[in-house]
Amino acid sequence: MENKSFDPAALEMLEIVKKEGYETAWERLEKQQPQCGFGLLGVCCRNCMMGPCRINPFGDDPQRGVCGATADVIVARNVDRMIAGGASAHSDHGRRPAILLKEVAEGKNRDYQIKDVDKLKAVAQKLGIDVNAEINEIALKVAEIALNDFGKQDEEPIKFLMAYAPKKRIELWKKVEEALSTNAKIKILPRNIDREIVDIMHRTHIGVDNEALSLLAQGIRAALADGWGGSLIATEFQDILFGTPMVKEVEANLGVIDPDYVNIIVHGHEPVLSEKIVEVAESEEMQNKARQAGAKGINLIGMCCTGNEILMRQGVPIAGNVLHSELSIVTGAIDAMVVDVQCIFPALPELADCFHTVFISTSEQAKFEKGIHIQFEEDKAIETAKKIIEKAIEAYSRRDKSKIYVPKQKSKAIVGFSVEQILKALGGSVKPIVDVIVEGKIKGVAGIVGCNNPKVKQDYFHVTLTKELISRDILVIGTGCWAIAAAKAGLMTMDAVKMAGDGLKSVCQALNIPPVLHMGSCVDCSRMLVLAGAIADYLNADISDLPLVGSAPEWYTEKAVSIGTYFIASGIPVHLWPLPPVLGSEKVTKILTEDVKELLGGYFFIEGDPIKTVEKMEEIIMEKRKKLGI
Ligand code: SF4
Ligand code: MSK
């Protein structure tokens, strides 16, 4: 049991799962053993019906698919399709607030307002829009540029990337394109967020692109369209509409579930609906309805990245990261689980059926065989939120008290470190952070992202890595399910400062910040890019010169592949664990772990032990410091 999770709350729930015979991702992973070796190496292909084909990893036949595709082509195509999946999820997410802002600006949607005018003006300024115009006029122009980046047909790089990426990096990307295009044209600057994904699907179709480097370059192009395009648009527009996160104290872990209340979990990624649920759940009308049903009121709780969104902006407590999604239902005290898109295990509605929990899907893109569907219409947002909350209140009366068990564990966490908040803490400029890095009080910064994966003991890699990094004076920032792991483990508190090395400790005390900073949900990895870019521009350096390193130590989604790729393409070395499915091709492995370093400064490295990972990360940071002469 201890090998399944590092989180004591999860272990308590897993005992119940075992005793009662429920099924979670951990049990299903066991039933999948042994998992397909071809799949793990990335050498299987299902791209046409002459196949499916697979390459023999031991050098015997078959060494080619029916069409003649080699391991190099098959692995590179598979990597590309993972990037396409991840980039499309993030970018389609970004499209939603972009359309919503346009509708708000045009007066077509009155359920939402522009909450952060300063942020709107800051974004507009970056895009070269006159900020003295009327607010709705500015918003409309900003939204139109974003939507144009999704759909324009010229060959120019997308505007958001050109407005946000640091100058030296843009120059480098252009040089790399020149260097790669000596024989045949290979481009990496994205023209259009949607198009780069379509391009991947086109070139990975049977019989189109059959060269590993060309395929991977397109993967990089789509990932850059995600990081500096779709994801960044999601972050910026959500800040404009719902407010830029500022520092606040919250609580994290299953202990935030309170059996005396109607407990509603919101899970997924897009905050457009959950923001309204927060607002409506707080209303006297809904709280009264809950009291009339016999509860003390409504307890709204987040899960995964929708949870991160409302945690960062509204201070809503969070029940856990993705492997907690099933465990939260097993507490028997969740009256409704409301989901939007991404990372929602298909098994959830069936598990909810073992309890009184009503599972409510809301997106036309994410439907389930079981549970109920309440379609979320943005122009009827308040009405939809009310309907959902009423369903939860109804379910409360059907609770089976004998099934309720809520672990006590919950930790306090200081969250809300948007770039704006970090700059505020630094007095308005990145200079203080640069100064402490130069002085050596902070050796460098590690950005950790991503998920849980039942192949890795839940949270163990996240927490061990983070603790070890801060003990070595490396500031840790990050997003997604890592951030929830760190919050649950108490690493985002002023108390955690004592775990930091002396240098980092002194900086945290001076700035009154924890040594581990929550920067948001997985689309908010763009915040880390923007911060890195601001430091690079301040120093007139390239991002790859800076003592920065990334890690996705418990990753599982295609989104994580896209994030890792836009990080390396932006100049940041990235650690990955578990193993990505590339080892079936020496060529692809070499491009992604070595050759790309020469071209772009960033590269992937693999390590399965947290302490050895920190050693490697520190080595990279020290190497960069040496090159900078600090
Ligand atoms: Fe096999 Fe080639 Fe078809 Fe892939 S594209 S399934 S390798 S024949
Ligand atoms: S929710 S993508 S498991 S971070 Fe963003 Fe968590 Fe990874 Fe989903």
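The values are calculated or read from the model by the stated rules, or taken from the named source; none is laboratory data. Predicted model, so just to flag it, every value in this text is computed and none were measured. Using ideal geometry, Cβ is built from the backbone for each residue, glycine included, and neighbour counts are taken over all protein chains shown.
Miscellaneous remarks
Conditions tested, residue by residue: (1) modelled with pLDDT under 95; (2) within 16 Å of the chain's Cα centre (by Cα); (3) within 16 Å of ligand 2 (Cβ to nearest atom); (4) at negative phi.
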| site | (1), (2), (3), (4) |
| --- | --- |
| Ser418 | no, yes, no, yes |
| Ile442 | no, no, no, yes |
| Ile448 | no, yes, yes, yes |
| Leu475 | no, no, no, yes |
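- The requirement of being assigned to a helix (DSSP H, G or I), within 29 Å of Leu29 (Cα to Cα) and over 17 Å from the mean Cα position of the chain (by Cα) is satisfied by Lys467.
- Leading residue by the ranking (nearest to ligand 1 (Cβ to nearest atom)) among those in the range 196-208 that are surrounded by fewer than 20 Cβ atoms within 10 Å (Cβ to Cβ) and touching a residue at least 24 places away in the same chain (Cβ under 8 Å): Ile206
- Within the span defined as the range 125-137, every residue fails to be surrounded by 21 or more Cβ atoms within 10 Å (Cβ to Cβ), in a helix (DSSP H, G or I) and either away from ligand 1 (no atom under 16 Å from the Cβ) or of a type outside the set (Ser, Thr, Tyr) (or both).
- Hey, Leu215 more than 26 Å from Val322 (Cα to Cα) and surrounded by 24 or more Cβ atoms within 10 Å (Cβ to Cβ) or not: yes
- Among the conditions (1) of a type in the set (Val, Ile, Thr); (2) closer than 28 Å to Thr331 by Cα; (3) surrounded by 17 or more Cβ atoms within 10 Å (Cβ to Cβ), Val419 misses just one, which is (2).
- When the range 464-493 is filtered for residues that are over 14 Å from Phe417 (Cβ atoms) and surrounded by fewer than 22 Cβ atoms within 10 Å (Cβ to Cβ), the ones remaining, listed by number, are Thr464, Lys467, Glu468, Ser471, Arg472, Gly490.
- Residue in the range 577-586 that is closer than 30 Å to Val272 by Cβ and hydrophobic (A, V, I, L, M, F, W, C) present: no
- Test: Val278 is part of a helix (DSSP H, G or I) and closer than 22 Å to Gly94 by Cα: yes
- As a summary of the residue check, Ala9 satisfies the conditions (1) more than 24 Å from the chain's Cα centre (by Cα); (2) farther than 22 Å from Thr557 by Cβ except for the one numbered (1).
- Residue within the range 318-337 that is over 19 Å from Val406 (Cα atoms), under 26 Å from the mean Cα position of the chain (by Cα) and not in a loop (DSSP other than H, G, I, E, B) present: no
So that you can scan it fast, the table gives a plain yes or no per residue for (1) within 23 Å of Asp149 (Cβ to Cβ); (2) crowded, with 16+ Cβ neighbours inside 10 Å:
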site	(1), (2)
Met50	no, no
Asp60	no, no
Ala69	no, yes
Asp72	no, yes
His93	yes, yes
Leu100	yes, yes
Glu106	yes, no
Val117	yes, no
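- Filtered residue count, the range 31-67, keeping only those that are under 22 Å from Ile344 (Cβ atoms) and touching a Leu at 6+ places or on another chain (Cβ under 6 Å): 0
- Answer residue from the range 18-30, given it is assigned to a helix (DSSP H, G or I) and either of a type in the set (S, T, N, Q) or within 28 Å of the chain's Cα centre (by Cα) (or both) and is farthest from Ala347 (Cα to Cα) among those: Glu30
- Flag if Ala347 is closer than 25 Å to Met13 by Cβ and under 26 Å from the mean Cα position of the chain (by Cα): yes
- Any hit, the range 44-67, residues being more than 9 Å from ligand 1 (Cβ to nearest atom) and closer than 22 Å to Glu558 by Cβ: no
- One residue alone among Leu579, Leu548 is under 30 Å from Gly428 (Cα atoms), at pLDDT 95 or above and not small (Gly, Ala, Ser), and that residue is Leu548.
- Single match in Ile265, Ile240 (criterion: of a type in the set (Val, Ile, Thr) and part of a helix (DSSP H, G or I)): Ile240
- All conditions in (1) touching a His at 6+ places or on another chain (Cβ under 7 Å); (2) farther than 26 Å from Leu327 by Cβ hold for His93, with the sole exception of (2).
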